[in-house]
Each structure stands twice: as C-alpha cells, then as structure tokens.
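K.L.:
Shown below is the structure under consideration.
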Amino acid sequence: MPQPSITHLERRKIEAGVLIPMVQAYQRAIGKERANEIAREVIIELARKDGARWAQQFGDDLSAMEKVSGIWAAGGSLSIDPMGKAEDRLDFNVTRCQYAEFYKQLGLPELGYLFHCNRDFAMVEGFSPGLDLKRTQTIMEGASHCDFRFVRKTERRQQSPCSGPPTSYACRSVGASHLGGGSPRHSADGGGSEG
C-alpha cells in the first residue's frame, strides 16, 4: 500500500504536537534555559541528518539546495522570491511563511524559531561542507521576510565576521564549526511577541 504523502509543513505540525508540550514540561521541570538548550542540541543534530539525507537524494550543490527549498515550500508553505542565482550562489527571500503563521497562531513564535528556523544552519552543515548559509532575519522573528543566501565556499575565501555560531538575531551564519545557538536578546522559551 502506498504511503500517504504529506508536505514538509504538515510534518513539522505533527512534530510540534509532541515537541511543544514536551519542551514546555521540561521548561517547568528544569528551567527554560536548560530545557531549550537540550531541545536545541537534539534539533540541530536531527537537522544535520536531514541535510545529509537530502544530499544523498539530490546531490550537495546549489542546484540540489534549490530542490530542497522546493520541499520546504511544497503546498504553498512558503512564498519564495528569487533574488539571484549564479554558479557560486543561490539567493532568495521568503515573503510568506506558513511555519511562522502556525507558531504565531499558537502564540509560540520563540518555540517556532527553536524548532524550525534554528534547523537551517545545521541542515546546511549536514548537506554540504562546501556551502555556507547567511541569513540575517526571519519572519518568525518579526521581519518582513527571511533572507536566505547560500554561497559556495572557496579555498581562498576568508571567514566573514558573521560566520560561526549565531550570537544575535542580527547576524546568523553557518560554517563547518557551527553548533547552533540562541540569541542574547531572546530565548526560545515559548513566550514573547517576536515572529
């Protein structure tokens, strides 16, 4: 019997049905900071594995990354505005995000960032050591759009000041050593009004 096909958004909503109450229970039991740190570690590792799985399925170049973004956007989950494409880069803005809309309706955009947006950098790590993601803002955090900039790494390229673990919402980047992380301004604790 064929398996029913669900969109990436539907998958994330199903996961949220388990993750939200579980993380909230852990937040009450051990504190928000520690609970979120544990959730972040697990989600980042899962994202790396997703990236590796997608690379096996599609390849690990920018053309393949474009296919992965199509999975994210399936069923109208994202509205993507292409900004540029070349041999060494793929740039697009997400101008509508139903993932963010879902978490905002629940009043939990910070958990939405932890469970969804936080994955992107680690996913790229697992997908290809030859690619880098730069993203400075997300709809989940309250911006008008998410700015995805995928760049093919070169041997001579120096690491930008924004490479490495994100330490603020103003500068998010992934390199080979990125471990994910939160923001000094906001913790992904399920409260707040960002998004």
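K.L.:
Looking at the range 49-83, which of its residues are surrounded by fewer than 19 Cβ atoms within 10 Å (Cβ to Cβ), in contact with an Asp or Glu (Cβ under 8 Å, 6 or more places away or on another chain) and modelled with pLDDT of 95 or more?
P.N.:
Pro82, Met83, listed by residue number.
K.L.:
Next question. For the range 122-137, enumerate the residues that are touching a residue at least 40 places away in the same chain (Cβ under 8 Å) and of a type in the set (S, T, N, Q).
P.N.:
Selection gives Ser128 alone.
K.L.:
Only residues that are part of a helix (DSSP H, G or I) and within 21 Å of Ala74 (Cα to Cα): list them for the range 1-47, please.
P.N.:
Listed by number, the residues that qualify are His8, Leu9, Glu10, Arg11, Arg12, Lys13, Ile14, Glu15, Ala16, Gly17, Leu46, Ala47.
K.L.:
Just to check your reading of the model, which residue among Leu78, Leu62 is more than 24 Å from Ala16 (Cβ to Cβ) and under 18 Å from the mean Cα position of the chain (by Cα)?
P.N.:
Numbers: Leu78 fails: more than 24 Å from Ala16 (Cβ to Cβ).
The conditions single out Leu62.
K.L.:
Which one is farthest from Met22 (Cα to Cα), of the residues in the range 84-110 that are among the hydroxyl-bearing types (Ser, Thr, Tyr) and surrounded by 16 or more Cβ atoms within 10 Å (Cβ to Cβ)? Walk me through how you get there before you give the answer.
P.N.:
Taking the range 84-110 first, the residues among the hydroxyl-bearing types (Ser, Thr, Tyr) are 95, 99, 103.
From what is left, the residues that are surrounded by 16 or more Cβ atoms within 10 Å (Cβ to Cβ) are 99, 103.
Values: Tyr99: 19, Tyr103: 16 Å.
That would be Tyr99.
K.L.:
Return yes when Lys13 is surrounded by fewer than 19 Cβ atoms within 10 Å (Cβ to Cβ) and under 25 Å from Glu66 (Cα atoms) and no when it is not.
P.N.:
yes
K.L.:
Turning to a different aspect of this structure: What are the residues in the range 65-91 that are among the β-branched types (Val, Ile, Thr) and out of contact with any strand residue (DSSP E or B) (no Cβ under 7 Å at 6 or more places or on another chain), if any? Before the answer, list the steps.
P.N.:
At the first step, the residues of the range 65-91 found to be among the β-branched types (Val, Ile, Thr) are 68, 71, 80.
Residues satisfying the conditions are Val68, Ile71.
K.L.:
Taking Ala25 as meeting all but one of (1) over 19 Å from Ala122 (Cα atoms); (2) surrounded by fewer than 12 Cβ atoms within 10 Å (Cβ to Cβ); (3) modelled with pLDDT under 95, write down the number of the exception.
P.N.:
It is condition (3) that Ala25 fails.
The values are calculated or read from the model by the stated rules, or taken from the named source; none is laboratory data. Predicted model only: the values in this text are computed from it and were never measured. With ideal geometry, Cβ positions are generated from the backbone for all residues, glycine too; neighbour counts draw on all protein chains shown.
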